[in-house]
1. Taking Cα centroids, how far is region 21-45 from region 369-426 in Å?
2. Accessible area per residue of the chain at 1.4 Å probe, in Å²?
3. Using θ = phi - 60° and the Karplus relation 6.51 cos²θ - 1.76 cosθ + 1.60, list the HN-Hα couplings for region 310-324 in order, rounded to whole Hz, with x at every Gly or Pro.
4. With +1 on each Lys and Arg Cβ and -1 on each Asp and Glu Cβ, and nothing else charged, work out how big the dipole of the chain is about its Cα centre, in Debye to the nearest 20.
5. Based on C-alpha coordinates, I'd like the Rg and Dmax of region 270-340, in Å.
6. Can you find, among V183, P432, F139, the residue farthest towards the positive end of the dipole of the chain? Put +1 on the C-beta of Lys and Arg, -1 on that of Asp and Glu.
7. As I understand it, the dipole of the chain uses +1 on the Cβ of Lys and Arg and -1 on the Cβ of Asp and Glu, about the Cα centre. Which of V229, G194, T262 lies farthest toward its positive end?
8. Give the carbon-plus-sulfur fraction of the accessible surface of region 16-172 in %, rounded to a whole number; probe 1.4 Å, heavy atoms of protein chains only.
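The values are calculated or read from the model by the stated rules, or taken from the named source; none is laboratory data. Note that this is a predicted model, so its numbers are computed, not measured. Virtual Cβ from ideal backbone geometry, glycine too; neighbours counted across all protein chains shown. The area values use the complete protein model at the heavy-atom level, side chains included, leaving out ligands, DNA and RNA. Shrake-Rupley method; radii C 1.70, N 1.55, O 1.52, S 1.80 Å.
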Amino acid sequence: MRAIAHSTLPLRRQFVTDFFKGISPVKFEGPTSTNPLAYHHYNKDEIVAGKRMEDHIRPAIAYWHTFAWEGGDPFGGRTFDRPWYDKGLEGAKIKAEVAFELFDLLDAPFFCFHDADIAPEGATLAESNRNVRTIGDIFAKKMQSSRTKLLWGTANLFSNRRYMSGAATNPDPDVFAYAAGQVKNVLELTHELGGENYVLWGGREGYETLLNTKIGQEQDQMARFIHLVIEHADKIGFKGQILIEPKPQEPSKHQYDYDVATVYGFLKRYDLDSRVKCNIEVGHAFLAGHSFEHELAVAASLGMLGSVDANRNDLQSGWDTDQFPNSVPETTLAFYQILKNGGLGKGGFNFDAKVRRQSIDPADLLHGHIGGLDVLARSLKAAQAIIDDGTYDKIVDQRYAGWQGELGKSILGKKLSLADLAARVETDGINPQPKSGQQEYLENLINRFV
């Protein structure tokens, strides 16, 4: 497969299908527009802190939720009626056409996929991989006349029943080997399509009960698997990031990639921390008992921030509902962490989000992404305004100012022992008094910008 030469000209493609019949390309019309199929805040070329808005956000459309999801939930099956359902490889070809039509309508710079999203599974690994390659060839051809690039690819190592006990962590080495064959194919396709990242999500890399589980054995296996992925990435010349996506549970009772801190500890133990970063999802952070902001801050502090998945969970539901983001205040705090970290680099904001099972019209797919992008645009500008104003950073810096003084530097510089510190307190009569954390004031300050 040749290197992809993307179009840099305005798109005027004649759509092959009529799935989005009657829908015009989505344009930026500004906040006063009443057109529901227009961007009201997302202006890709607007300059924010010396950089195009699109280059800050780097938005991507998730192939699985947008085109492969059928509208089911834990209590009911398919509610959508899509022309590619139940049509095997031919249906997958139709789905690919529709996908690039949506990419063009939304003027999306990136997309992401699992192998199982784009092509049906065959009777053997070889047949499954050939099916994926068939659709990959269609992607390559479409990308020559589209501005949409691949943000990342990944292999689905959790849906098929062979993975009920995990993939890399499976008690059966044959399953490990099969998973390796899947990943090899998708990693190579991701490389050939110019993908900037490869994601490993261990949906069943964990356990349902400790009664039949050897945790140490399974973690050794998972580490070996990741080392194999890195070795093959180097062999084929893949220059993108390798990312792990943390999630605490669901579908497994407990997953080994519980949160960013857990992932970092695992990577550090197995000498992988210099080669692997995190793809952080809003909904997964929530399931781990954290905020998205927390996971981003931890990742940034550890040098582990690679890319993010934009969505939200319904606080009244007990599962990962993957809804489009709609809270500017929450996303502003996330963008603050990203901007202070220097941006996302090769990463981006993948809309790992799906329309509701009652949202059955093709136009609903556009409404979800339009709303999500408008929220990200507003949040980006609000976060940058907070940084430009400087008041918030100044207050936080002042709270820790003592660590820039003689005592603080001596402690962190390892110049004082425990006995030295105790003696200093007694000699100097140190009697520290608590100071306000000013949380309410800081909350009010942030709200001025959102």
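1. 39
2. Each residue of the chain exposes 48 Å² on average to a 1.4 Å probe.
3. 9, 6, 7, 10, 7, 5, 9, 10, x, 10, 7, 8, 6, 8, 5
4. Computed about the Cα centre, the dipole is about 860 debye.
5. Considering region 270-340 through its Cα atoms, Rg and Dmax are 12.7, 40 Å.
6. F139
7. With unit charges placed on the Cβ atoms, the residue in question is G194.
8. 52
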